[in-house]
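The values are calculated or read from the model by the stated rules, or taken from the named source; none is laboratory data. Treat the numbers as computed from the prediction; the structure is a model and nothing was measured. Cβ placement follows ideal geometry from the backbone for every residue including glycine, while neighbour counts extend to all protein chains displayed. Just the protein is used for accessible areas: all its heavy atoms, side chains included, with ligands, DNA and RNA removed. Shrake-Rupley method; radii C 1.70, N 1.55, O 1.52, S 1.80 Å.
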Amino acid sequence: DTAVSQTPKYLVTQMGNDKSIKCEQNLGHDTMYWYKQDSKKFLKIMFSYNNKELIINETVPNRFSPKSPDKAHLNLHINSLELGDSAVYFCASSQDPGTTRNTIYFGEGSWLTVV
Amino acid sequence: KQEVTQIPAALSVPEGENLVLNCSFTDSAIYNLQWFRQDPGKGLTSLLLIQSSQREQTSGRLNASLDKSSGRSTLYIAASQPGDSATYLCAAGDYKLSFGAGTTVTVRA
């Protein structure tokens, strides 16, 4: 079974549209994350939730809104998509944030292309 | 703000050669240092996690060292194989991970 799964894997959409990416983890972790990987391959954290509570919110346009219905799910909704939003979005989870043993498990990514 | 740099950006070696991948970070107040592998079109797979109190971790042919005082970590891969071809990312962790841009490794058969 896939530990961290996200859908869709590929998404091509027009500027101005609203889209969502879903993420689920079956590891029993309390903390989930969204990371963005840009064209230069840098991975940057966007959000982190712990037990459905937002704990990290980096400088991300408010067009991006994460939603965590329960601790196993963290969805990412993006309004009014722009060309610069084209990237790979990775969902991840971990059990021990803020500790030395915090191993993070990543999903396979969602490739978003805005045209 | 934590900044992580990986050198070299790309590396091509013949099969059997040992690989040395370097990672440097600017803020030594980290909880851990993690190495990941990323295959094209895939997510990240955790390879090794070195806790801040540790100097190194080993898993099979992989060995990673950590020197917090100098802000450096090195990943060694012994006796490289074509299957080791991938991008290797290091990440310095406090409450979140700060990633380097990765080293893309090609092992030639």
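Structure data summary
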| quantity | calculated |
| --- | --- |
| Net charge of neighbours whose Cβ lies under 11 Å from the Cβ of A:Phe106, counting Lys and Arg as +1 and Asp and Glu as -1 | +1 |
| Buried on assembly, the range A:37-65 (at least 20 Å² less accessible surface than by itself, 1.4 Å probe) | A:Gln37, A:Lys41, A:Phe42, A:Leu43, A:Ile45, A:Ile55, A:Ile56, A:Glu58 |
| Paramagnetic reach from A:Leu27 (point 7 Å along Cα→Cβ, amide N under 18 Å) across the range A:82-115 | A:89-110 |
| Most fluctuating residue given options A:Asn75, A:Asn51, A:Asn17, as computed from a GNM of chain A linking Cα atoms under 10 Å | A:Asn17 |
| A:Met46, A:Met15, reordered so the largest accessible area comes first (probe 1.4 Å) | A:Met15, A:Met46 |
| Compactness relative to 2.2 N^0.38 Å, alpha carbon Rg of the protein assembly as shown | 1.02 |
| Using θ = phi - 60° and Karplus 6.51 cos²θ - 1.76 cosθ + 1.60, couplings along the range A:69-75 (whole Hz; Gly, Pro as x) | x, 7, 6, 8, 10, 9, 9 |
| At R0 = 45 Å, FRET efficiency that the Cβ-Cβ distance of B:Ile7 and A:Lys67 yields, to 0.05 | 0.70 |
| Under 10 Å, Cβ to Cβ, from B:Leu89 - net charge with Lys/Arg +1 and Asp/Glu -1 | +2 |
| Cα extents of chain B along the three principal axes, largest first (Å) | 41, 26, 20 |
| Nearest-20 debye value, the range A:27-115 charge dipole, Cβ charges on Lys, Arg, Asp, Glu | 100 debye |
| Greater than 29 Å apart at Cα, pairs in A:Lys9/B:Lys68; A:Lys19/B:Lys1; A:Lys40/A:Lys71; A:Lys40/B:Lys96; A:Lys22/B:Lys68; A:Lys71/B:Lys68 | A:Lys9/B:Lys68; A:Lys19/B:Lys1; A:Lys40/A:Lys71; A:Lys22/B:Lys68; A:Lys71/B:Lys68 |
| Karplus-derived 3J(HN,Hα), 6.51/-1.76/1.60, for each residue of the range B:82-98, Hz, glycine and proline x | x, x, 7, 5, 4, 9, 10, 10, 10, 9, 8, x, 10, 7, 9, 9, 10 |
| Sequence-distant residues sharing a close amide H with A:Gly107 (under 5 Å, placed H) | A:Cys91, A:Ala92 |
| Prolate/oblate/rounded label for the range A:8-115 (Cα gyration tensor, a/c 1.5) | prolate |
| Spin-label model distance (nm) - B:Arg72 vs B:Glu56, 7 Å beyond Cα toward Cβ | 1.4 nm |
| Cα centre as origin, Lys/Arg/Asp/Glu Cβ charges: chain B dipole, Debye | 120 debye |
| Net charge, B:Ser65 excluded, C-beta distance under 13 Å - Lys, Arg +1, Asp, Glu -1 | +1 |
| Rounded accessible area of A:Lys36 (nearest 10 Å², 1.4 Å probe) | 50 Å² |
